[in-house]
Amino acid sequence: MNSQGKLKIYLGYAAGVGKTYEMLEQAQELKARGADVIIGYFEPHGRKDTIAKTEGLEMIPRKRVEYRGSTFEEMDTDAIVERHPDVAVIDEFPHTNVPGAPREKRWEDVRYILDHGIDVLTTMNVQHLESLNDRVAQITGVKVRETIPDWVVNQAGEVVMVDLTPRALLNRLERGVIYPPEKARRALDNFFKESTLVALREVAMRQTAHEVEERIEQTDDALPAINSVSSRSARVEDAVVIYISDDPSTAMLTRRGKRVADLLHANCFAVFVTDQSDLRSLPPEKRAAVERHLNFARNLHVETRVLAESDHARAIVDFARLHNARQIFLPRLVGKGVDRLLGKSLVNQVVSLANDMEVTIVADRRQERQPGK
C-alpha cells in the first residue's frame, strides 16, 4: 500500500511571474539530490528560459484525445502512475480536461497521482481559487471559469508564492518574454493593467499569509490562533450558516460564507428552507437551481440541510442558534413587485430574530448594475 504523496503548489497572481520556472528549478534540485523526477505535464508558452529548465528531466509523452472531430493533447495520468517516480512535475493545476476523460479536472488527476504515493509539484494563479472567484472578477472584470475548491489547496503540504512586482512583470511583457508582440499588446489593454496587477498581487499575498497561518496552527496547537477576520478567537463549535435559494447570486454567497468559515476555523452549513416536505414538490426550474446550489456547496465541503418549515426566517435563525453559529449569510434578493418585498421581508425578519449573531447581507454587484432590475 503506497503512502499518500505530498503536494506542493507554486502560486502566482498572473501569467509570467515565474511559477513554472521556480517549480522546474526545484525539480532540478531534487534530481541533483538523487530523487527520481519526471515531468508529467509542461506548458512552455514559448518561454526560452523556462524551457531550458527542463533539460535532463524525463518527460512523459502527452496522450492524444479525439473529441468532436478534433485531436487534443492531455496529460497521461495512467502513464505517470505506471512509471511511478518519486516526484511528478505538473503544470497548470486548474486545467479542465477534454470531455470524456476519466476525471473532469487536472486537480482530480493530481489527487489520483498523490493517492499512488507520488509527490507532485504544480502551479496555479490565485484567481483560480474558488472562494476568491467573485473578488477577482470585481478586480479584473473577467469571470474565471476554471476553479479549484479551497479544500484541495488547503490539503497541500506547502504553498509557495512566486512574487514579482507589477512593474517588473509589465517590463517582461513589454520585452516579449511572456507573450508574442500582438498578444502582449492585447494583454496590456486588458488584464495586464498596473492597477489590476497591484490588486491581484495583494490578494495573492493575503492568501499566502492565510496558508502560513493555517500551517502554523496545524503544526503547533500551543500557539495562539491568528484570526484575520475578527479579533475574537473562534471556538471549535462555532459555525457559519449560508442561506440557499434559487437566486443566481447563491454561488457567490456560498463562496463568501465558506471562506469566512475557513478563516474562523468554524463549521459551515448551507441551508435551504421550503414549505414542502422535499424538493420534488418544487417547480422544476426552481428545484434544478436549488439542487445545483446545494451540490456546489457540497463540492466546497459545506454541509447542506433542507428544512421543511413555513416560517423561513425563524427556521434559519433556530438552526443557526442550535449549531452555535456566529454568522448568517443572506443574499440581498433583487426582484420585482411581490418577490422583492418578500426578499426584503426575509432579511428584515432574520436580522430582527438573530440579535445575538452577525447577519451578513451580500449583494451581487453585477445584478445590481443591470438596468431595469
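The values are calculated or read from the model by the stated rules, or taken from the named source; none is laboratory data. In this text the structure is predicted, and so the values were computed from the model without any measurement. No Cβ is skipped: glycine too gets one built from the backbone with ideal geometry, and neighbour counts run over all protein chains shown.
Residues in region 107-129 that are within 13 Å of the chain's Cα centre (by Cα) and outside any strand (DSSP E or B): 107, 126, 127, 128.
When 347, 338, 334 are checked against the criterion of being in a helix (DSSP H, G or I) and at pLDDT below 80, 338 stands alone in meeting it.
Every condition in (1) over 27 Å from residue 198 (Cβ atoms); (2) in a loop (DSSP other than H, G, I, E, B); (3) not β-branched (Val, Ile, Thr) holds for residue 28 except the one numbered (2). Number of residues in region 262-284 that are touching a residue at least 24 places away in the same chain (Cβ under 8 Å) and assigned to a helix (DSSP H, G or I) equals 4. Does region 1-15 contain at least one residue that is without any contact (Cβ under 8 Å) to a residue 40 or more places away in the chain and not in a strand (DSSP E or B)? Looking for residues that are without any contact (Cβ under 8 Å) to a residue 40 or more places away in the chain and not in a strand (DSSP E or B), one finds at least one in region 1-15, hence yes.
The residue that is surrounded by the most Cβ atoms within 10 Å (Cβ to Cβ), counting only those in region 1-26 that are touching a Gly at 6+ places or on another chain (Cβ under 7 Å) and among the charged types (D, E, K, R), is 19. For region 49-106, a tally of residues being touching a residue at least 60 places away in the same chain (Cβ under 8 Å) and assigned to a loop (DSSP other than H, G, I, E, B) returns 2.
Condition check ((1) touching a residue at least 40 places away in the same chain (Cβ under 8 Å); (2) among the acidic types (Asp, Glu); (3) not in a helix (DSSP H, G or I)) across all residues:
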| position | (1), (2), (3) |
| --- | --- |
| 131 | yes, no, no |
| 134 | yes, yes, no |
| 143 | no, no, yes |
| 146 | yes, yes, yes |
| 151 | yes, no, no |
| 200 | yes, no, no |
| 204 | yes, no, no |
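For the residues 234, 261, 266, the requirement of being at pLDDT below 90 and under 17 Å from the mean Cα position of the chain (by Cα) singles out 261. Only one entry of 60, 51, 39 meets the criterion of being over 30 Å from residue 132 (Cα atoms), of a type outside the set (Ser, Thr, Tyr), assigned by TED's automatic domain parsing to the domain that holds residue 159 and touching a strand residue (DSSP E or B) at 6+ places or on another chain (Cβ under 8 Å), and that entry is 60. Residue-level check: of (1) assigned to a strand (DSSP E or B); (2) of a type in the set (A, V, I, L, M, F, W, C); (3) crowded, with 21+ Cβ neighbours inside 10 Å, residue 306 misses just (3).
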